[in-house]
Structures are given as C-alpha cells and as structure tokens.
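Student: What follows is a structure written as structure tokens; I'll ask about it next.
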Amino acid sequence: MALYEHVYLARQDISAQQVETLTEQFKTIIESLGGKIEKNEYWGVKSLAYRIKKNRKAHFSLLNIDAPPAALTEMERQQGINEDILRFMTIRVDELEAGPSAMMRKRDDDDRDRGGPGGPRGGRPDRGDRPDRGDRGDRGPRRPRDDNPIADEGGF
C-alpha cells in the first residue's frame, strides 16, 4: 500500500467537533477499503492567504494515510461532494513522519516563547552590532507649531 499525507480545510463556521466527525467519516471510508489512518492532527482555525468560497479562515486537519489508491480516490470524491470542505490536498510520500508535524512543533515553540521578559514574545535578543541608545529621554519637549518665527512675521 502507498503512504500519503492528506490535509483538508473545513469551513470556519462549523465547530471543532463537527470537524472531528468529518475526520471519522473519512477514516471509515479509508478503513472500509483496506487502508488505515496512521496519524490524525487537528491544527485549529487559521487565517487563509486569500478568500476561498467567501471564507477568510478555515479549520485545518492533517491525516497520515497508509492505503491503496482506490481508498484515497473514494475519500477525495466524498470530500469534493461535501459542502463543508473548502480544499484538500494529498501528497504521496516515501515514509510517514513520526511524531508531531511541523505545524504542531511550531505551536509548541510559540507557547514556550510567550510570557518571557520584555513582552508576549519573550523580548528581543541583544543585537550586539548596535550601540546602546540610552534612555532617550534627553530630547526635550517638541516645539509647537505656534512658535514658528516665520509664521509670526506674517510670511505664510
């Protein structure tokens, strides 16, 4: 059997539980035709780069599949019929990735970065190539426009 990575996007106005139900339906199709789902990841609701069928956001889900091509064809046919599915993409791979996908690792890294010193992203690292700019409070007050000597003379 062949190995596939399959990602599908579902409409933003359905719930996460409905997305799980869709995933279970696709899992049943694959298993009934002799395949199996090795990994199932729900990536959450993310913004789209452009609008798809009037949607600006979508639920993203990844399925790692070990199945014959006929099972995958049937699942894709069902996804094409379903109105809740905006897009899907299947890629044949030589081996399935073990552990969390890059999207899930990114989320873990973002969670570790939050809450550190200097703000929500953990502050900026020291640049080293730039000198310290100091407090920058020694500039003094800005001169208001009313103090313009040319305007007082009636020149403008």
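Student: Just one of the numbered conditions (1) under 19 Å from M104 (Cβ atoms); (2) buried (at least 16 other Cβ atoms within 10 Å of the Cβ) is not true of L72; which one?
Tutor: (1)
Table: residues versus (1) in contact with a strand residue (DSSP E or B) (Cβ under 9 Å, 6 or more places away or on another chain); (2) free of Cβ contacts under 8 Å to residues at least 60 places away in the same chain; (3) under 18 Å from E95 (Cα atoms).
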position: H6; (1), (2), (3): yes, no, yes
position: A10; (1), (2), (3): yes, no, no
position: D13; (1), (2), (3): yes, yes, no
position: A16; (1), (2), (3): yes, yes, no
position: T23; (1), (2), (3): yes, yes, no
position: E38; (1), (2), (3): yes, yes, yes
position: W43; (1), (2), (3): yes, no, no
position: H59; (1), (2), (3): yes, yes, no
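Student: Could you please find all residues in the stretch 1-38 being in a strand (DSSP E or B) and over 22 Å from P100 (Cα atoms)?
Tutor: Of everything in the stretch 1-38, just one residue is in a strand (DSSP E or B) and over 22 Å from P100 (Cα atoms), namely R11.
Student: Still on this model: With the structure loaded, tell me whether E41 is within 21 Å of the chain's Cα centre (by Cα) and assigned to a strand (DSSP E or B) or whether it fails that test.
Tutor: yes
Student: To continue, here is another question. Does at least one position in the stretch 76-84 carry a residue that is surrounded by 16 or more Cβ atoms within 10 Å (Cβ to Cβ) and in a strand (DSSP E or B)?
Tutor: No, every residue in the stretch 76-84 fails to be surrounded by 16 or more Cβ atoms within 10 Å (Cβ to Cβ) and in a strand (DSSP E or B).
Student: Here is a further query. Return a yes/no flag: does the stretch 48-59 have any residue that is surrounded by 12 or more Cβ atoms within 10 Å (Cβ to Cβ), at pLDDT below 95 and among the hydroxyl-bearing types (S, T, Y).
Tutor: No.
Student: Which of the residues belonging to the stretch 5-43 are loosely packed, with under 14 Cβ neighbours inside 10 Å, closer than 18 Å to D84 by Cα and small (G, A, S)?
Tutor: S15, A16
The values are calculated or read from the model by the stated rules, or taken from the named source; none is laboratory data. What you are looking at is a predicted structure, and each value in this text was computed from that prediction instead of being measured. Glycine gets a Cβ as well: all are built from the backbone with ideal geometry, and neighbour counts include every protein chain shown.
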